[in-house]
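**Q** Take this structure, written in structure tokens, and hold onto it; I'll ask about it next.
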Amino acid sequence: MADEIEKLMELMQEDLQRHRELAQILDNKLDAMRHRDIPRLEALAVAEHRLVGLISTHSKKRCDILRQATEKYFPGHGKKLATARELAQAAGGAARDKLLAISAMLADVTRKVQSLNQVNTIASQKILGHVDHIFRIIAQSGRDIGLYGRAGKKAPSEQNRLVDAIA
């Protein structure tokens with residue numbers, strides 16, 4: 001088995017592990033949103049950001065190895081990188097099966113991450129829409145909140161409460 005194919009499989013295994021971790025973080029973020037656990041949600045967002053950075057950096061390494069493998073197995077391929085399927089066919093034997101299996105698992109976990117990301121996006125948008133709605137009600141309530149006006153005089157105070165805004 002060629003060194004490039006071995007390195008590529010190792011990098012794809014690492015990608016697979018990191019994407020699984022990312023899927024777990026996204027699943028936990030959704031759970032934190034359901035339970036209104038803001039500190040947990042903030043910690044998960046930091047972990048997600050760190051992990052996405054690692055995945056991005058790691059992706060560059062994988063592309064470099066993929067470029068080397070493409071040049072070795074497909075010299076006339078030009079700038080277009082070979083797919084995992086093409087490299088698996090060129091490598092043959094046990095490397096072919098292993099590379100195809102890793103590629104399929106990586107595709108599955110990537111689809112799962114994409115789906116979880118869409119669900120989290122929709123949930124976040126709904127929450128922000130609800131908060132925006134509450135603030136609009138407060139702003140349109142027409143009641144003074146005890147601030148000084150343009151004339152420099154304080155209006156007679158009448159207390160606004162969040163309960164009034166929701167009702």
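**Q** Residue by residue through segment 120-142, note down the ones that are in a helix (DSSP H, G or I) and either among the polar types (S, T, N, Q) or at positive phi (or both).
**A** Selection gives Asn120, Thr121, Ser124, Gln125.
**Q** Here's another thing I want to ask about it. Exactly one condition in (1) out of contact with any helix residue (DSSP H, G or I) (no Cβ under 7 Å at 6 or more places or on another chain); (2) part of a helix (DSSP H, G or I); (3) loosely packed, with under 14 Cβ neighbours inside 10 Å is not met by Gly78; state its number.
**A** (2)
**Q** Could you list, in sequence order, all residues of segment 68-126 that are hydrophobic (A, V, I, L, M, F, W, C) and free of Cβ contacts under 8 Å to residues at least 40 places away in the same chain?
**A** The answer is Phe74, Leu81, Ala82, Ala88, Ala90, Leu100, Ala101, Ala104, Ala107, Ile122.
**Q** Okay, moving on. With the checklist (1) surrounded by 13 or more Cβ atoms within 10 Å (Cβ to Cβ); (2) within 23 Å of the chain's Cα centre (by Cα) in hand, flag the one item Arg50 doesn't pass.
**A** Evaluating Arg50 over (1) surrounded by 13 or more Cβ atoms within 10 Å (Cβ to Cβ); (2) within 23 Å of the chain's Cα centre (by Cα) leaves (1) as the failure.
**Q** Does Glu14 count as at pLDDT below 90 and among the charged types (D, E, K, R)?
**A** Answer is no for this residue.
**Q** Could you check, for segment 86-94, whether at least one of its residues is within 27 Å of Gln17 (Cα to Cα) and assigned to a loop (DSSP other than H, G, I, E, B)?
**A** Yes, segment 86-94 contains a residue that is within 27 Å of Gln17 (Cα to Cα) and assigned to a loop (DSSP other than H, G, I, E, B).
**Q** Can you find a residue in segment 47-57 that is touching a Leu at 6+ places or on another chain (Cβ under 7 Å), of a type in the set (A, V, I, L, M), at pLDDT 90 or above and farther than 30 Å from Gln125 by Cα?
**A** The answer is no; no qualifying residue exists.
**Q** Sticking with this structure for a sec: For the structure I just gave you, tell me whether Glu48 is closer than 18 Å to Ser103 by Cβ, in a helix (DSSP H, G or I), free of Cβ contacts under 8 Å to residues at least 60 places away in the same chain and among the acidic types (Asp, Glu).
**A** No, not satisfied.
**Q** As an exercise: evaluate Asp108 against (1) farther than 20 Å from Ser59 by Cβ; (2) modelled with pLDDT of 85 or more; (3) of a type in the set (D, E, K, R) and give the number of the one condition it does not meet.
**A** If we test Asp108 against (1) farther than 20 Å from Ser59 by Cβ; (2) modelled with pLDDT of 85 or more; (3) of a type in the set (D, E, K, R), just (1) comes out false.
**Q** Can you spot a residue in segment 28-37 that is within 26 Å of Lys126 (Cβ to Cβ), touching a Ser or Thr at 6+ places or on another chain (Cβ under 8 Å) and part of a helix (DSSP H, G or I)? I'd like the intermediate steps shown before the answer.
**A** To start, the set of residues in segment 28-37 that are within 26 Å of Lys126 (Cβ to Cβ) comprises 28-37.
This time we only want the ones that are touching a Ser or Thr at 6+ places or on another chain (Cβ under 8 Å), so: 33.
Checking which are part of a helix (DSSP H, G or I) leaves us with 33.
Taking every residue of segment 28-37 in turn, at least one turns out to be within 26 Å of Lys126 (Cβ to Cβ), touching a Ser or Thr at 6+ places or on another chain (Cβ under 8 Å) and part of a helix (DSSP H, G or I).
**Q** Between Ser124, Ser157, Ser141, which is at pLDDT below 90, farther than 21 Å from Asp27 by Cβ and surrounded by 12 or more Cβ atoms within 10 Å (Cβ to Cβ)?
**A** Just a single option satisfies the conditions, and that option is Ser141.
**Q** Right, another one. State all residues of segment 1-27 that are hydrophobic (A, V, I, L, M, F, W, C) and more than 26 Å from Gln125 (Cα to Cα); if no residue qualifies, say none.
**A** Met1, Ala2, Ile5, Leu8, Met9, Leu11, Met12, Leu16
**Q** Continuing with the same structure: Can you name the condition, by its number, that Val163 falls short on among (1) closer than 26 Å to Ala32 by Cα; (2) surrounded by fewer than 14 Cβ atoms within 10 Å (Cβ to Cβ); (3) of a type in the set (A, V, I, L, M); (4) at pLDDT 80 or above?
**A** Unmet condition: (4).
The values are calculated or read from the model by the stated rules, or taken from the named source; none is laboratory data. Because the structure is predicted, anything quoted here is derived from the model rather than measured. Positions of Cβ are backbone-derived with ideal geometry, glycine not excepted, and every protein chain shown enters the neighbour counts.
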